[in-house]
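Read the structure below first, then the notes.
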Amino acid sequence: MTNSNVRRALAFSPPFLVLFAFFSFAVAEEAPAPAAAPARASASAYASGYAAAGPPRASADAPADGPAAAPAEPSGPPLAEWSPPEATSDKPTAEEWEKAAPLELLRPSEHCTASAVREWLRISCKDPSNEFKGLRVVGGSEQDVSISDFKVKGKGTDFTGKEIDKTFDGLHVVFPVRRGDRRVLSIASWASCGWKCWYMREDTFATISELWLPGEERPTIVLH
């Protein structure tokens, strides 16, 4: 549109349109032209430059990776290789358990350990974030199966989230391992359902599976 046509259009336009047109022309004249996009290097040029310079090298000042942490040593002989004596004996005393040989679980657990005295096995579990409710014999015989608690010192948090010293209960599960056993034990813990309900519910903290078939050389004991 030529300048004469613009003036003729403005002469017959309402005042607010005149102001709008004037402002639009002023902004258009003052707006800078868009800058041209930088030229891209070709793929061949990049490849030739990389070949000449070689791949980037690590700085001499960059810290070197430290040695890999050594895996934790097993607490004792593997439980999978444990062959309990087939002679029946009385339940071990507290003094005997203090001197009991530790056994490495088939599936290592952060919270549970195993130890044995003669044909008796003890699974000990502790977790500061859980309160154990008890033990359920899910399958097999409950004869000679027993539990007891023990005190463990550790760290916890109060209702504000502040870390505090805390004493919590651990759980010992003791049972004999004899040929012909088929037993499944479940360690139960308390669990809250939060705002969804007004009661505490039971959860499974760990499951102990003990199986010694008549034709097998040794039992199969797994902590799930």
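Among (1) closer than 22 Å to S209 by Cα; (2) modelled with pLDDT under 95; (3) surrounded by 13 or more Cβ atoms within 10 Å (Cβ to Cβ); (4) not small (G, A, S), there is one condition R122 misses while meeting the rest; what is its number?
So R122 meets the others, but not (2).
Which residue is surrounded by the fewest Cβ atoms within 10 Å (Cβ to Cβ), if the candidates are limited to segment 125-145 and must be among the polar types (S, T, N, Q) and under 18 Å from A188 (Cβ atoms)?
Of segment 125-145, the ones among the polar types (S, T, N, Q) are 129-130, 141, 143.
Imposing the further condition that a residue be under 18 Å from A188 (Cβ atoms) reduces the set to 129-130.
Working: S129: 10, N130: 18.
Selected residue: S129.
Of everything in segment 142-188, what is without any contact (Cβ under 8 Å) to a residue 40 or more places away in the chain, in contact with a Leu (Cβ under 8 Å, 6 or more places away or on another chain) and of a type in the set (D, E)? Give them in sequence order.
Passing the criteria: only D149.
Look through segment 176-208, keep the residues that are of a type in the set (S, T, N, Q) and in contact with a Lys or Arg (Cβ under 8 Å, 6 or more places away or on another chain), and return whichever of them is modelled with the highest pLDDT. Quick ask: steps written out before the conclusion?
Filtering segment 176-208 down to residues of a type in the set (S, T, N, Q) leaves 186, 189, 192, 204, 207.
Next, only the ones that are in contact with a Lys or Arg (Cβ under 8 Å, 6 or more places away or on another chain) stay: 186, 189, 192.
Values: S186: 94, S189: 84, S192: 65.
Checked segment 176-208; the qualifying residue modelled with the highest pLDDT is S186.
For segment 202-222, how many residues meet the condition of being assigned to a loop (DSSP other than H, G, I, E, B), touching a residue at least 40 places away in the same chain (Cβ under 8 Å) and either of a type in the set (A, V, I, L, M, F, W, C) or over 11 Å from S83 (Cα atoms) (or both)? Outline the logic, then answer.
Residues of segment 202-222 that are assigned to a loop (DSSP other than H, G, I, E, B), as a first pass: 212-219.
In the following step, the residues that additionally are touching a residue at least 40 places away in the same chain (Cβ under 8 Å) were identified as 217-219.
Okay, now just the ones that are also either of a type in the set (A, V, I, L, M, F, W, C) or over 11 Å from S83 (Cα atoms) (or both), so none.
Of the residues in that region, 0 qualify.
Just a yes or no: is a residue in segment 98-111 modelled with pLDDT of 95 or more and more than 25 Å from the chain's Cα centre (by Cα)?
no
Restricting the search to segment 200-224, which residues are surrounded by fewer than 13 Cβ atoms within 10 Å (Cβ to Cβ) and aromatic (F, W, Y)?
none
The values are calculated or read from the model by the stated rules, or taken from the named source; none is laboratory data. Quick caveat, the model's predicted, so the values are computed rather than measured. Cβ: placed from backbone, ideal geometry, glycine included. Neighbour counts: every protein chain shown.
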